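The values are calculated or read from the model by the stated rules, or taken from the named source; none is laboratory data. Note that the structure is predicted; figures quoted are calculated from it, not measured. Glycine also receives a Cβ, built like all others from the backbone with ideal geometry; neighbour counts cover every protein chain displayed.
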Amino acid sequence: MPIDWFPLWLSLRVAAISTALAFAIGIALAWLLANRDFKGKEWLDAAITLPLVLPPTVLGYYLLVLLGRESLPGKVYEAVFGVPLVFTWQAAVVAALFHSLPLLVKSARAALESVDRSYERAARTLGASEWKLFWRVTVPIARRSILAATALAFARSLGDFGVTLMLAGNIPGRTQTVAVAIYDAVESGNGAAARALVIAVSAIAMILLALANRWNPSPFAPKQAGT
Amino acid sequence: MIQARILKRYAPGPESAGFTLDVDLTTSAGVAVLFGPSGSGKTLTLDCIAGFVRPEEGRILADQQILFDAASGVHLSPQARHCGYVFQNYALFPHMTVRENLAFAGERLPRLERHRKVNEMLERFRLSEVAGRRPHQISGGQKQRCSIARALIGSPRIVLLDEPGRGLDAPLRAELYDVVRQIRAEFGTPVLLVTHDLDECFELGEQMFILQDGQVAQTGSPAAILDKPAGLGVARLLGIYNLLPVEIAALDPGRNTSQLRVGEQMLAGPYLPGHLIGDRVWACCRPGQLDALPRNGRPKPNQLEATLQRAVDKPGAARLEFEGGIAVEMPRQRFLELRDTTEWVIEFPPTVLRVIG
């Protein structure tokens, strides 16, 4: 029986889209947490981190309730796109997004906070707006750590199981991502398919981690200004 | 020109003592220095002027424009203040070349003007050769010049320098002095410089503010302050004084003199208006104003018997440190002639003693 590679391609597509979304949302949240003091800041941080510690089924349940066909966001989505969100591959993107966002926000906040404040202060005295100094000074200086965080977020999106199962279901050829497909293959005794997908996912994750480590400046490495 | 009245309080925390900055200063054109020990509030003052820190009370004016006014709630952003700031670590953007660093600062200028100005600055600060390099590829002196050139590109109202000489070796320091003089001479931009280095004050400062525990203890030209420190604290800060507790034994307004008693000995001092016979005050003088001689019989008037603790070689002079914290500087040659002396007297010429306060 030929191995069905569709789940792997689906997962890569889902991970790419969810990482792009997580990057946009995550950078904004990280900036907020790193630069602004406001009431309830640590609560916001805790809420963002919650998916990291909650069982995936709990997170999946919340999302199902929040985005289901009976909920307001679910109805709005259905009215705009004509189809419900849940049990589509787009729902898998949402699942992966919530699963990987905390990782990105946490790492990006740390990366932004590790940039010496004098660079930003200097940019301000030179007349640069907050927007300009963020994108042209802070982010470029922290870019390696941010890149590493993005690679980790991608790897995590790729491997999500529980939330995806709850929110997107297990529809072969439509919403069955690689993690779910492996479970399915093992359950149905298709050892060859399980092995192939397991090896592929492991290799991709391994490469991503190696890249992340290479990008992430080690605190013990000699300081390389300008790199 | 800066006129600043700043009040900023930091409440004491569990691990830290509280701190109150309460300063009032008006700089004239030229180079003004803020001098004080670590923790006296120098950099905080600079940060309030630059707009990084918001004071609680007071008002900051630059060339008659209000940068901050507590009463009316004005607090301009650092972007709107047009103050050049040179950071101690230079804060050159590490991912940009020297040219890009300058161009970033020139983005407020129209494109053509910016290009011309960047080139002009590169040339004036001798950076043309390294314009394409990143900050980590250039020397310390070049970084210093680059950060100053970058601060000047937008024609700021004032250039603020935060401890620019800290950690620099002697040649780099000399280069720094030249560049600061260049700011003043070629650009006419006033400079406010923070330092805890006295040499820097005397090399560069036309006006000096002494900061102590968050307050301005004295203002004036460095020479005037050195000549007449306003209090014991300032004298100690200047660090080059012989401080001597004395009792006023006689006052003669006619001849403008006084007699000051130290133990059994009398020293001549200036007339001291506002003091009474019997007052105990502090007298001071610089090590270079005193002389030390071998003792020959009883000490004469204006001489104090003293025990030499150690002699230190300084560039061009020998510094003799006596018991009681009195130091004398003399040419090294003369010390070599006297080095076998075991019993010393210190001679106080009649005009050198100043009384503090």
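Some observations on this one:
- Filter result (touching a residue at least 60 places away in the same chain (Cβ under 8 Å) and outside any helix (DSSP H, G or I)) within segment A:47-81: A:Pro55
- Criterion (closer than 30 Å to A:Arg195 by Cβ and either of a type in the set (A, V, I, L, M) or in a helix (DSSP H, G or I) (or both)) met by exactly one of A:Leu21, A:Leu10: A:Leu10
- Just one of the listed residues (B:Val216, B:Val194, B:Val159) is farther than 25 Å from B:Asn89 by Cα, hydrophobic (A, V, I, L, M, F, W, C), part of a strand (DSSP E or B) and at pLDDT 90 or above, namely B:Val216.
- Qualifying positions in segment B:261-280 - of a type in the set (Asp, Glu) and surrounded by 10 or more Cβ atoms within 10 Å (Cβ to Cβ): B:Asp279
- Yes/no for B:Thr219 being hydroxyl-bearing (Ser, Thr, Tyr), more than 30 Å from B:Trp344 (Cβ to Cβ), touching a residue at least 40 places away in the same chain (Cβ under 8 Å) and touching a strand residue (DSSP E or B) at 6+ places or on another chain (Cβ under 8 Å): yes
- Unmet criterion (only one of (1) away from chain B (no Cβ under 14 Å); (2) without any contact (Cβ under 8 Å) to a residue 60 or more places away in the chain) for A:Arg143: (1)
- Just so you know, in segment B:92-106 the residues that are facing another protein chain (nearest Cβ under 7 Å) and in a loop (DSSP other than H, G, I, E, B) include one that is surrounded by the most Cβ atoms within 10 Å (Cβ to Cβ), and it is B:Phe93.
- Filter result for B:Gly18 (more than 30 Å from B:Gly106 (Cβ to Cβ), in contact with a Pro (Cβ under 6 Å, 6 or more places away or on another chain) and more than 14 Å from every other protein chain (Cβ to nearest Cβ)): yes
- Of the set (1) small (Gly, Ala, Ser); (2) surrounded by fewer than 13 Cβ atoms within 10 Å (Cβ to Cβ); (3) within 16 Å of A:Ala179 (Cα to Cα), all apply to A:Ala28 but (3).
- Selected residue (criterion: surrounded by the most Cβ atoms within 10 Å (Cβ to Cβ)) from residues of segment A:77-134 that are aromatic (Phe, Trp, Tyr) and under 24 Å from A:Asn170 (Cα atoms): A:Phe98
- When B:Ser221, B:Ser147, B:Ser155 are checked against the criterion of being within 14 Å of chain A (Cβ to nearest Cβ), surrounded by fewer than 17 Cβ atoms within 10 Å (Cβ to Cβ) and closer than 25 Å to B:Cys48 by Cα, B:Ser155 stands alone in meeting it.
- Qualifying residues in segment A:82-131 (those that are assigned to a helix (DSSP H, G or I) and among the hydroxyl-bearing types (Ser, Thr, Tyr)) - the one farthest from the other protein chains (Cβ to nearest Cβ): A:Ser100
Here's the yes/no breakdown for (1) among the polar types (S, T, N, Q); (2) assigned to a loop (DSSP other than H, G, I, E, B); (3) on the phi < 0 side of the Ramachandran plot:
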position	(1), (2), (3)
B:Pro229	no, yes, yes
B:Val246	no, no, yes
B:Gly254	no, yes, yes
B:Leu260	no, no, yes
B:His275	no, yes, yes
B:Gly278	no, yes, no
B:Gly297	no, yes, no
B:Ala311	no, no, yes
B:Glu321	no, no, yes
